[in-house]
Amino acid sequence: MDRPYIICHMVTSLDGKVTGDFLGKSAYSGLIEDYYRIHREYGADGFLCGRVTMESSFPQPPAPTAVYDGPPIVREDYIAESAAFYAVAIDPQGKLWWSDRAIADTDDGYNDAHIIEVLTQSVSDVFLAHLRGKGVSYLFGGKTELDLSLVVQKLKRVFGVETLLLEGGGIVNGSFLQEGLIDEISLVVIPAAEPSEKAVPLFQTGHYQTGDIAAASFRLKEAKNLDNGGLWLTYQKQS
Ligand SMILES: NC(=O)c1ccc[n+]([C@@H]2O[C@H](COP(=O)([O-])OP(=O)(O)OC[C@H]3O[C@@H](n4cnc5c(N)ncnc54)[C@H](OP(=O)(O)O)[C@@H]3O)[C@@H](O)[C@H]2O)c1
């Protein structure tokens, strides 16, 4: 395969939502811990999230006010370092002004993951100069829109990523599903319904792709009981 094996790993409600009050209930904190434990046990080479998820999980500093007065920066992929584990951010417009080359987190499954920004060529020179200055890697996935197939091919070819955890939110998951780029789904299901209209679904489409959206079939690989009525469900893509 010319791209990584991609596992969509998420916590959901019974009705397939990935945001909402149910996530904050103390009764389910053990199931959230199970999610992070499973993330670590996968031993993947990296995890990938959309810009909104990255921002909510890893708070970002405001954009600097400094003006870039250096030479124009050629739109070429930039490998700041080769690492054992990567945090891949889908950030087409360059909105994540990382303050360091790697994630700082209390969870060993995320801490020190080297950041790769996935950009379009439309981002500013000042943003690229900022990433270089901080030692953050970046790759280009298209001129003004992202070609996710190209992006994941580059993750394997340029950074050696063999197994990738796709960890939301709904928009980025929906884009990967629609492009046929999900090989496996791993769900920690919390026994609560989340009827809020604002809650984000596991797969949200219609933002970046147009035309008919085909249903994607998966077969159950394993179902495991977790404490407090939770389930860990894994599915593999039907070929
Ligand atoms: N329950 C769980 O396991 C779990 C896991 C992860 C996240 N979450 C939650 O999910 C929520 C966020 O989900 P979300 O669906 O709103 O946002 P998201 O998928 O995290 O990020 C969406 C953004 O990423 C960029 N993006 C994603 N796919 C793209 C594509 N194909 N082409 C170009 N750009 C693309 C765009 O950034 P720009 O807007 O900058 O263009 C887009 O607005 C958060 O509240 C988070 O806490 C839950």
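The values are calculated or read from the model by the stated rules, or taken from the named source; none is laboratory data. These numbers come from a predicted model, not from an experiment. Using ideal geometry, Cβ is built from the backbone for each residue, glycine included, and neighbour counts are taken over all protein chains shown.
See the values below:
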quantity: Residue match in segment 84-96 (condition: without any contact (Cβ under 8 Å) to a residue 40 or more places away in the chain and under 26 Å from residue 38 (Cα atoms)); calculated: yes
quantity: Residue among 66, 89, 80 that alone is touching an Asp or Glu at 6+ places or on another chain (Cβ under 8 Å) and not assigned by TED's automatic domain parsing to the domain that holds residue 201; calculated: 89
quantity: Filter result (modelled with pLDDT of 95 or more and either in contact with a Cys (Cβ under 6 Å, 6 or more places away or on another chain) or of a type outside the set (Gly, Ala, Ser) (or both)) within segment 209-226; calculated: 218, 219, 220, 221, 222, 224, 225, 226
quantity: Of all residues in segment 146-166 being more than 16 Å from the ligand (Cβ to nearest atom) and among the hydrophobic types (A, V, I, L, M, F, W, C), the one that is farthest from the chain's Cα centre (by Cα); calculated: 158
quantity: Verdict on residue 137 being touching a helix residue (DSSP H, G or I) at 6+ places or on another chain (Cβ under 9 Å) and not aliphatic (A, V, I, L, M); calculated: yes
quantity: Residue 206 vs. criteria at pLDDT below 95, within 14 Å of the ligand (Cβ to nearest atom) and not polar (S, T, N, Q); calculated: yes
quantity: Candidates 39, 9 - the one that is surrounded by 13 or more Cβ atoms within 10 Å (Cβ to Cβ), outside the structural domain of residue 157 (by TED's automatic domain parsing) and touching a Gly at 6+ places or on another chain (Cβ under 6 Å); calculated: 39
